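Just so it is clear, none of the values below were taken in a lab; they were calculated from the coordinates. Computed from a predicted structure; not experimentally measured. Don't worry about glycine lacking a Cβ; one is built from the backbone with ideal geometry, like all the others, and counts go over all protein chains shown.
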Ligand SMILES: [Cu+2]
């Protein structure tokens with residue numbers, strides 16, 4: 001009886017960790033501005049992290065030839081002429097990881113001009129830590145079960 005209660009508690013805890021809405025307290029959307037310099041053949045910042053709902057302004061500065069910036073998944077892009085700055089503004093309403101890439105053929109290594117836009121926290125990272133802790137507790141708890149049964 002007692003072990004059954006613990007098993008139920010254990011399963012419930014696992015379900016809560018795996019499926020509870022996260023984060024519990026929503027983060028207020030912010031406006032974030034990033035300045036990215038584009039030159040052959042890289043972006044000065046290749047990783048942008050925002051929270052879902054944030055308004056994102058990407059100021060693209062071209063330091064040599066014409067470069068572009070296209071965001072996968074959001075299907076939006078801008079082009080900046082040499083020495084100029086262009087701003088791409090959008091609301092990060094789709095969570096996940098998206099590539100951004102140069103969409104103007106700017107030279108031999110052009111296909112390698114890529115970066116990453118992350119929208120949202122690494123929820124599954126924290127959830128998997130939680131599940132591991134519960135699994136360890138379960139492992140420590142349940143080997144005692146046969147002892148409890150024989151004690152009756
Ligand atoms: Cu390019």
- Query: Arranged from highest to lowest average of other beta-carbon atoms within 10 Å per residue, in what order do the peptides 44-50, 33-39, 98-104 appear?
  - Reply: 98-104, 33-39, 44-50
- Among beta bridges that DSSP assigns inside the chain, antiparallel share in %, nearest 5: 65 percent
- What is the chain's relative contact order, in percent, from Cα pairs under 8 angstrom and six or more apart in sequence? 23 percent
- Item | For segment 31-120, share of DSSP beta bridges that run antiparallel, in % to the nearest 5 | 65 percent
- Task: Compute the length gained on full extension between residue 30 and residue 108: take 0.36 nm times their separation in residues and subtract their Cα-Cα distance, giving the result in nm to one decimal.
- Result: 24.3 nm
- Query: How far is helix 2-19 tilted, in degrees, relative to the longest principal axis of the Cα atoms in the chain, given as a value from 0 to 90 rounded to the nearest 10?
  - Reply: 10 degrees
- Peptide ranges 5-15, 52-62 listed from the most packed, as the mean C-beta count within 10 angstrom indicates: 52-62, 5-15
- Task: Take the Cβ-Cβ distance between residue 127 and residue 86 as r, set R0 to 35 Å, and report the resulting FRET efficiency rounded to the nearest 0.05.
- Result: 0.35
- Principal-axis tilt of helix 123-141 within the chain, Cα atoms, nearest 10 degrees: 20 degrees
- Between residue 20 and residue 59, the FRET efficiency computed from the C-beta separation at R0 = 41 Å comes out, to the nearest 0.05, as 0.65
- Structure-based [θ]222 nm, the chain - -39500 (n - 2.57) summed over DSSP H runs of at least 4, per residue, nearest 500: -9000 deg cm²/dmol
- Note on the structure: the chain: spread of alpha-carbon positions along the three principal axes, whole Å, largest first, is 82, 34, 20
